[in-house]
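In what follows, a structure is listed as structure tokens, so that the remarks can point back to it.
The values are calculated or read from the model by the stated rules, or taken from the named source; none is laboratory data. These numbers were taken from a predicted model, which means no experiment stands behind them. No Cβ is skipped: glycine too gets one built from the backbone with ideal geometry, and neighbour counts run over all protein chains shown.
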Amino acid sequence: MPKVQRLHGPTNPTLEDAAKAKVKYYCATVELRPEKEQEYRELHANVWPEVRAAIAEANIRNYNIYITEIAGRRFIVSHFEYIGTNPDADFASIAKDPTTKAKWWPLTDACQIRLSGALEGSQWQPMEQVMHLD
């Protein structure tokens, strides 16, 4: 795959400008195990209150999850807004929530196939933002 250069302009802020923004946007993807799709959908049709609370306490808002098919494979796409000032600490706080860590993630992780390039300790492959319009 050829190396491409990041481009920034009025609709794609620099990484520095994005870091200064009051709202930060995150998007990531992971492969979905076809035999687990129904279970994944059922879990996300009624996310547990403790998991919802951990997400809210981590300054995450407007959290969306999508499922798509590409070349015969199913993928999950996660997108949310972050409104805090310390994403590393806030995201780590979710991992400290006993319900999320010990009960929710084992169920949802079993539905996923980790993609190469995912961050250490994560199932999800982050996506680069190349456009933002308010």
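In this structure, is residue 68 over 29 Å from residue 93 (Cβ atoms) and within 19 Å of the chain's Cα centre (by Cα)?
Values: over 29 Å from residue 93 (Cβ atoms): yes; within 19 Å of the chain's Cα centre (by Cα): yes.
Criteria met by residue 68.
Given the structure, is residue 29 at pLDDT 95 or above, crowded, with 16+ Cβ neighbours inside 10 Å, within 16 Å of the chain's Cα centre (by Cα) and farther than 25 Å from residue 129 by Cβ? Full working, then the answer.
Values: at pLDDT 95 or above: yes; crowded, with 16+ Cβ neighbours inside 10 Å: yes; within 16 Å of the chain's Cα centre (by Cα): yes; farther than 25 Å from residue 129 by Cβ: no.
In short, no.
If the Cβ limit is 8 Å and pairs must be 6+ apart or interchain, which residue in the range 113-134 that is within 14 Å of residue 18 (Cβ to Cβ) pairs with which residue that is hydroxyl-bearing (Ser, Thr, Tyr) and in a strand (DSSP E or B)?
126/26; 127/29; 129/25; 132/25
Please identify the pairs in which a residue from the range 92-109 that is exposed (fewer than 13 other Cβ atoms within 10 Å of the Cβ) has its Cβ atom under 9 Å from the Cβ atom of a residue that is modelled with pLDDT of 95 or more and not in a helix (DSSP H, G or I), counting only partners at least 6 apart or on another chain.
Final answer for the pair search is 92/58.
Out of all the residues in the range 32-60, which are closer than 17 Å to residue 81 by Cβ, touching a helix residue (DSSP H, G or I) at 6+ places or on another chain (Cβ under 9 Å) and among the charged types (D, E, K, R)?
57
Please enumerate the residues belonging to the range 32-59 that are farther than 22 Å from residue 127 by Cα, crowded, with 17+ Cβ neighbours inside 10 Å and not aliphatic (A, V, I, L, M).
The answer is 36, and nothing else.
Identify, please: which residue in the range 72-91 is small (Gly, Ala, Ser) and closer than 26 Å to residue 42 by Cβ and is, among those, surrounded by the fewest Cβ atoms within 10 Å (Cβ to Cβ)? Quick ask: steps written out before the conclusion?
Quick first cut of the range 72-91, residues small (Gly, Ala, Ser) only: 72, 78, 84, 89.
Remaining after also requiring closer than 26 Å to residue 42 by Cβ: 72, 78.
Values: 72: 6, 78: 16.
Ranking the candidates gives 72 first.
Would you mind stating whether residue 58 is without any contact (Cβ under 8 Å) to a residue 24 or more places away in the chain, farther than 20 Å from residue 33 by Cα and among the aliphatic types (A, V, I, L, M)?
No, not satisfied.
Say we look at the range 9-23 and pick out the residues that are part of a loop (DSSP other than H, G, I, E, B) and not charged (D, E, K, R); which of these is nearest to residue 124 (Cα to Cα)? Reasoning before the result, please.
At the first step, the residues of the range 9-23 found to be part of a loop (DSSP other than H, G, I, E, B) are 10-11, 13-14, 21-23.
Remaining after also requiring not charged (D, E, K, R): 10-11, 13-14, 21, 23.
Working: 10: 28, 11: 25, 13: 23, 14: 23, 21: 24, 23: 21 Å.
The selected residue is 23.
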